[in-house]
There are 2 protein chains.
Amino acid sequence: MKKDKVNIGFIGLGSRGYGYLGLLLSMPDVEVLGVCDLYEDRAEAGRKLVQERKGNNPVCTLDYKELLEIEEIDAIITPSSWTAHGEICINSMLAGKYVGTEVGGATSIQQCWDIVKTSELTGMPCMMLENCCYGREEMTILNMVKQGLFGELVHAEGGYRHDLRDEVALGREKRHYRQLNYLNRNGEVYPTHEIGPIAKYLNLGRGNRMLSLTSTSSKSVGINDWIKKNKGKDYDLYEKKFALGDVVTTVIKCAHGETIVLFHDTSLPRPYSRGNLLQGTNGIWSEDKAAVSIEGITPVKNTWDHHAWQPLEELYPEYEHPLWKQYREAGVKAGHGGMDYLVIRAFITAVKNGTDTPINVYDTAAWMAITTLSEDSIAMGSMPVAIPDFTNGRWIDPKPAIKGRYCLDEVSGESMDEEW
Amino acid sequence: MKKDKVNIGFIGLGSRGYGYLGLLLSMPDVEVLGVCDLYEDRAEAGRKLVQERKGNNPVCTLDYKELLEIEEIDAIITPSSWTAHGEICINSMLAGKYVGTEVGGATSIQQCWDIVKTSELTGMPCMMLENCCYGREEMTILNMVKQGLFGELVHAEGGYRHDLRDEVALGREKRHYRQLNYLNRNGEVYPTHEIGPIAKYLNLGRGNRMLSLTSTSSKSVGINDWIKKNKGKDYDLYEKKFALGDVVTTVIKCAHGETIVLFHDTSLPRPYSRGNLLQGTNGIWSEDKAAVSIEGITPVKNTWDHHAWQPLEELYPEYEHPLWKQYREAGVKAGHGGMDYLVIRAFITAVKNGTDTPINVYDTAAWMAITTLSEDSIAMGSMPVAIPDFTNGRWIDPKPAIKGRYCLDEVSGESMDEEW
């Protein structure tokens, strides 16, 4: 049953996709049999890259459905635009392929159900390739959570806090889908870099789940301000109103009483941060402090508030996640500090072994759903909205058997495979 | 009309009140003619302190209304319990006294209206003594905001993030009112350390106002966990359920589209932070980073995200608020890094000059209202609730004339008085 090699069809060759393709092509157990983009030059650049690196001449097309007809392709990987992911996932599973989809939110709850139901119908897994689940910091924190260092978890925060004004304002020139999204939609359009790791800390889908959310949007002035400062009155978007609020705050309540706060914050000048914060009855982690404070571990300073921050760096020797230790010993490979490599390996390993993916279709659907539900809440003046249970009740089991395959309780495979 | 001395009646002599009284007694233009507490030993300790420091023997009572009958008293200062502030404010104004109330939230919207209407009826000001409005960092940021360094403001965050588990768990032994509040109420019970300074940045009540909020509470497990770790099974609160969620998140929307996020977070272990964050079209301030990033000022590092943090310390020489410069030159006096001194001086100065207080009754009511509205929202599953306009429309004027007195657009008097 196990495969020695995985044959990939690759859909979406913007700058993120092109980089991802290069990473895939560095893996000896991966072949790329087809590449696709809506832009001919991008598709051709992908084809050329495959030929240079692997020697084979992949099918090169502007219509992704042509790739789905190639029987030898085991899996589709799609760093396409946010609004294209859903359809590509569904059609790929219907064609009998594993799917790994780049991050992004859903445009309707029906779309999330369709993804789930298609996976259940076809037996094909659908994994959101959420690289931040594989970050060194995030995995180390996960390891500490599993060992009980934070006590009972109570509250988590995260954000995508990243100045993308130029990418959005110049979206057409850069052929980037963010611009059309920002011009037309108002919601938490990019929640998964935070909600992914947080879902793993809180065991969402494995004994816990998200129940409801509210979402609130600030005014939208940041992109226009950037255009005024950098492009001048002749720029055709000079007076154009962007629908997306500069800062969108989403507050989620979970079945066991935990709260999660997400910030989408990409239209104002600021240094990058994913703003992670995690609090339990025994301690706290703050990404912005690059530190934790854990009772019984962090030295108590003799101050009036009895707590101090301790650099996370000091805890790596003891608490770094085993996968990351193994990975660093093998030499960090590539992409966003290694997490791109790890998330793709987790996907490829699942395809080779014929198992479910560690981020499963229920995770994928639930995380994507935040976007469309946030749009709904904002449209209704921050009304609370219910978050569907895409497992139809199976989440109450901490190790739910789903179609005969167990979900792993870690974000990775059990261990690194021999290729590494 | 101007007074050389101010005669104070002082209500509430817990540890905060006792410290505050000592500070007042250090001021040569202040006399304390009466002291009051519900506990006789506390009232007596206050009386003794006045006699030691000033030589006079103040009226000492367990019934604050006795102080209101003393005609020579110009102003009441009340660091009493949260649930007592409202009534004391109202009765003091009815007796013709200025009122300075310690921070704390309201228990009903009607109470806020009663405070406002009593002030309008009697002409007596009611100032929340929100010391954080006078913090060196907060005032410097205010000064930078007024000079336009942040551009158009869009989003603010703040919190009261302070491990108070022992104070709450031992509340009865310590005779601290927090315990009964935490046992019974679930909401943003202590919003003003953040909302006060933020209100000043955003000109709330002076051309802007808060429109609505949602509030979401996490589970309540932190205090019980502390009791289990520190007191054992015989402690009578061992199995007692606390109503207050460990982390309460409140999201406020303002008339001009700004968002404000508040965190109440006092039942879990963590280092202290007020978690201030302020974002505009031109820059950001983060308290946790102790830094800003301002376009055109902060050096651009040649990194992929084009922004860096710059320690706020570097900007003090140019942007420190004039009041603070003056104050430091005179020698920082006392209490929470000087801000207690400054907030009391602002109040005393208003009483001496017979002017309105810089934090006026509309500010006081609006900030207190967050608490009861947050309780409402949580009780209804995070439903959005409207925030009343306690000015009845006068907020649309950036310098609203209120009963013939102009509100100052700074948090302080125009300058320090000669006593300093």
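Overview of results
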| quantity | calculated |
| --- | --- |
| Residue B:214, sole failed condition from (1) touching a helix residue (DSSP H, G or I) at 6+ places or on another chain (Cβ under 6 Å); (2) of a type outside the set (Gly, Ala, Ser); (3) surrounded by fewer than 23 Cβ atoms within 10 Å (Cβ to Cβ) | (3) |
| Filtered residues of segment A:300-317 (kept if facing chain B (nearest Cβ under 10 Å) and of a type in the set (A, V, I, L, M)) | A:308 |
| Matching option when the condition is closer than 23 Å to residue B:354 by Cβ and buried (at least 23 other Cβ atoms within 10 Å of the Cβ), among B:128, B:124, B:139, B:144 | B:128 |
| Search result, residues across segment A:221-239 that are within 16 Å of residue A:167 (Cα to Cα) and either at pLDDT below 95 or open to solvent by 10 Å² or more (accessible area, probe 1.4 Å) (or both) | A:221, A:224, A:225, A:226, A:228, A:229, A:230, A:231, A:235, A:236, A:237, A:238 |
| Residues of segment A:98-117 classified as more than 12 Å from residue A:10 (Cα to Cα) and open to solvent by less than 10 Å² (accessible area, probe 1.4 Å), total | 7 |
| Subset of segment A:182-198 (residues that are open to solvent by 10 Å² or more (accessible area, probe 1.4 Å) and out of contact with any Leu (no Cβ under 7 Å at 6 or more places or on another chain)) | A:183, A:184, A:190, A:193 |
| Selection from segment B:14-30 of residues that are in contact (Cβ under 8 Å) with a residue 60 or more places away in the chain, touching a strand residue (DSSP E or B) at 6+ places or on another chain (Cβ under 9 Å) and surrounded by 18 or more Cβ atoms within 10 Å (Cβ to Cβ) | B:17, B:20, B:24, B:27, B:30 |
| Residue A:73 under 30 Å from residue A:194 (Cβ atoms) and not hydroxyl-bearing (Ser, Thr, Tyr) | no |
| Complete set of residues in segment A:1-10 that are open to solvent by 10 Å² or more (accessible area, probe 1.4 Å) and either out of contact with any strand residue (DSSP E or B) (no Cβ under 9 Å at 6 or more places or on another chain) or of a type in the set (A, V, I, L, M) (or both) | A:1, A:2, A:3, A:4 |
| Residue check, residue B:356 away from chain A (no Cβ under 14 Å) and of a type outside the set (Val, Ile, Thr) | yes |
| Residue A:252 being farther than 25 Å from residue B:279 by Cα, surrounded by 15 or more Cβ atoms within 10 Å (Cβ to Cβ) and in contact with a Leu (Cβ under 7 Å, 6 or more places away or on another chain) | no |
| Test for residue A:184: is it away from chain B (no Cβ under 11 Å) and within 30 Å of residue A:41 (Cα to Cα) | yes |
| Filter pass, residue B:341 being in a helix (DSSP H, G or I) and outside the structural domain of residue B:157 (by TED's automatic domain parsing) | yes |
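This table checks each residue for (1) of a type in the set (S, T, N, Q); (2) crowded, with 16+ Cβ neighbours inside 10 Å.
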| residue | (1), (2) |
| --- | --- |
| B:326 | yes, no |
| B:337 | no, no |
| B:345 | no, yes |
| B:362 | no, yes |
| B:374 | yes, yes |
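The values are calculated or read from the model by the stated rules, or taken from the named source; none is laboratory data. These numbers were taken from a predicted model, which means no experiment stands behind them. Note: ideal-geometry Cβ built from the backbone for every residue, glycine included; neighbour counts use all protein chains shown. Areas reflect the complete protein model, heavy atoms only, side chains present, ligands, DNA and RNA absent. Shrake-Rupley method; radii C 1.70, N 1.55, O 1.52, S 1.80 Å.
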